[in-house]
């Protein structure tokens, strides 16, 4: 549904995208993770016809974003980083305006606006100006505006940035529902938990390139499980680190020592025995799966080193 | 083409809806020139003399012209805010006629300025200003004023698309004042030091103000100055030049949003 080959875009001398490849099959949710400035927004802007690529090819719904931009626009919805809705108009006025501008015709635009308001739980607020909406309501309205044409492909550029946990949960459930109905979604985010929650496939991008891709579970396997020991006394940390082996990492502030654990049971047994023999009292002990944050940091760290 | 008009009208209606949603703010926009007029007419006007008549009769065509300049701020601020908030991008991602983003804004702003002008003319009549020339001349004066406003639309759209931050709005709001004062809008350039007077005389606002005074039959400057001599011709030419420069520049700035 989205197919990107060797896409390049520079701003002056700075490459924003540097030969990026990406394939998103129909009906899937694809997460795009990366630090600020990695090129996520540039990619979304190219795929939504807002920006012209310098090199490479990008197709959305089978259409070339460069040469068939007008047709692409009939098949996509965009929810950007800002809630791009008119603050002064009411929720209903906003959706009706976007409906008319999508050439639905006046009557169909009115009907579509009413449907979407209902679907996103905004019917009660429909007659109020948007500047009185909460962050979550605003983002839901923005999402509704992106769905006016029931697009087969939806682009969400950091859709929950700046939202409180409730607002985030509201947006997540809306995205899950859309995905359930077969909409292809490309989601950029800085929150790895968000990708973990929503996306079947994740690409991590850094410096305009995909540096790792896979399911969230596959990406976590790259880093592997870790055994973690939380000490009672800061003075025990060196001893605990010595017990866990040469790869042990100490986080002194948290009184935590961790090390890779290829074999979960073996690592635990060894740690328990060693701690008992050394007579070190501890606060907590366990084997943990890595979070996507750790995967992310690890992969982008590697890039720093190799550069 | 049909969509270009229909979409442009949808965008214009958005602005009309803004007026309806914030009547207080719209009223302030309408009444601000009235306030400035009363300030100059009554607070400062007593100390100002113009050849051949009453200061308020001299002032009104100048205020009409200055109001057209104030419209520039509205255009600039609205275009810059839409770009900053991502609304322009949303429009550009829709299957609408892209020219409508600009033409709809232009129509709404021109309408707002026409309304402001009507309110200010009513205020002028109330303080004793009268269009003294024939019945055909006054509409021509209004036409020239709106022609100036039309040309300033493109300057406003161009600057709004190129502006980077909200502070640019404040800069434009401040800069319109010296531009307005350094003209024949409020006083005759003949009263200014030589080089400053020359600059003021060549200000496009001076041409429109002089032409409006002539067409309304109100007292103007002593003859001999360029703007007084060629007022109407310059009042056609200056906005034509501004439009010729800034219309293509704004179209280019809009197209270049995809760079």
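Nothing in this text is a laboratory measurement; each read-out follows from the coordinates by a stated rule. Keep in mind it's a predicted model, so treat the numbers as computed, not measured. Cβ placement follows ideal geometry from the backbone for every residue including glycine, while neighbour counts extend to all protein chains displayed.
Quick notes on this structure:
- Other protein chain Cβ atoms within 10 Å, averaged over every residue that makes up A:143-153: 1
- Rg then Dmax, both in Å and based on the Cα atoms of the range A:16-125: 16.5, 47.
- The average projected area of the range B:145-186, computed from the convex hull of its Cα atoms over all directions, is 3.4 nm².
- The peptide list B:230-242, B:117-129, B:197-209, put in order of mean Cβ contacts within 10 Å with the highest first, becomes B:197-209, B:230-242, B:117-129.
- Principal semi-axes in Å for the protein assembly as shown [√(5λ), Cα gyration tensor, largest first]: 62, 26, 22
- Point-to-point label distance, residue A:127-residue B:99, nm (Cα→Cβ direction, 7 Å offset): 3.9
- Sequence ranges A:19-25, A:262-268, B:141-147, B:250-256, ranked by mean other-Cβ count within 10 angstrom, highest first: B:141-147, A:19-25, B:250-256, A:262-268
- The GNM of chain A, with springs linking C-alpha atoms under 10 angstrom apart, assigns the highest mean-square fluctuation among A:227, A:204, A:148 to A:227.
- The Cα atoms of the range A:119-246 define a convex hull whose projected area, averaged across directions, is 12.6 nm².
- Relative to the longest principal axis of the Cα atoms of chain A, the long axis of helix A:264-278 makes an angle of roughly 40 degrees.
- For the segment B:14-21, counting C-beta atoms of other chains within 10 Å of every residue's C-beta and taking the mean gives 4.
- When each of the peptides B:2-9, A:242-249 is scored by how many other beta carbons lie within 10 Å of its residues on average, the order from highest to lowest is B:2-9, A:242-249.
- Counting only other chain Cβ atoms within 10 Å of each residue's Cβ, the peptide A:68-79 averages 3.
- Largest-first principal axis extents of the Cα set of chain A (Å): 79, 46, 33
- Result for chain B in a Gaussian network model with C-alpha springs under 10 Å: among B:135, B:178, B:95, the largest mean-square fluctuation is at B:95.
- Using only alpha carbons, the range A:50-177 has a radius of gyration to Kirkwood radius ratio (Rg to Rh) of 0.99.
- Approximating the spin labels as points 7 Å out from Cα along Cα→Cβ, the residue A:70-to-residue A:242 distance works out to 7.7 nm.
- Computed over the range A:2-220: relative contact order in percent, which uses C-alpha pairs under 8 Å that are six or more apart: 30
- Taking the range B:2-258 and dividing mean pair separation by its residue count, relative contact order in percent (alpha carbons under 8 Å, at least six apart): 27
- C-alpha long axis of helix B:137-162 to longest principal axis of chain B, angle in °: 40
- Calculated over the range A:220-307, the projected area of the Cα convex hull averaged across directions stands at 6.0 nm².
- Degrees between helix A:292-306 axis and first principal axis of chain A (Cα, 0 to 90, nearest 10): 80
- Taking every Cα-Cα distance in the range B:2-258 and sorting them into 5 Å bins from zero, the calculated P(r) comes out as 1, 6, 13, 17, 19, 15, 12, 8, 5, 3, 1, 0 percent.
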